[in-house]
């Protein structure tokens, strides 16, 4: 099936992402896949009904940055955690400033897709976020996550300071001893680098485009693999 003859300029970034993320799934012949490979019209903006938690929170906040493959999914997995005030998709760990999505996915800049999390330490601790992170990823694969392959999809914890680095390293060491699978943990724990927010159309993608997002997540096998690795402990 061919893509529609015309795509407006506003649909091109989304179409590019869907072409990469879904082409492999479409070729597998999943029911209805071909009609989902290219969006038929631009995504409509979502108007928030209330202010976000971050905009009304007045106490101290902290940040955490995690790379867990597709940042659409990482946002969705952390937005549901009590104490998380906001999530922002972006890029870090590379060698060029202000990279675009196209540059990052070329696999030449060295950046990883990441999510920057702003959280209220009075409600949730950094150690708790790290424990949640493990159960949202496959920590046994290098430079890939589920159906996404390449260094931009590596898993990593980017520690913001010495205390976060200590907590993350200790957590990884403990996981190596208690993990419910045999393969070694290859997730990196490194010091934070400059964080660059991703393009606006990537932000809150799972909310703006729930049908397309859920199709991608299911077709990529993310939740099935998490269940296989973690059993009932998998984040849901």
If I filter the stretch 178-198 for residues that are touching a residue at least 12 places away in the same chain (Cβ under 8 Å), in a helix (DSSP H, G or I), in contact with a strand residue (DSSP E or B) (Cβ under 7 Å, 6 or more places away or on another chain) and in the same structural domain as residue 105 (by TED's automatic domain parsing), do I get at least one hit? no
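Residue by residue, here is whether (1) in contact with a helix residue (DSSP H, G or I) (Cβ under 7 Å, 6 or more places away or on another chain); (2) without any contact (Cβ under 8 Å) to a residue 40 or more places away in the chain holds:
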| site | (1), (2) |
| --- | --- |
| 93 | no, no |
| 99 | no, no |
| 104 | yes, no |
| 122 | no, no |
| 139 | no, no |
| 149 | no, yes |
| 154 | no, no |
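The values are calculated or read from the model by the stated rules, or taken from the named source; none is laboratory data. As the structure is a computational prediction, the values presented were derived from the model and not from experiment. A quick note on method: Cβ atoms are made from the backbone with ideal geometry, for glycine too, and the neighbour counts reach across all protein chains shown.
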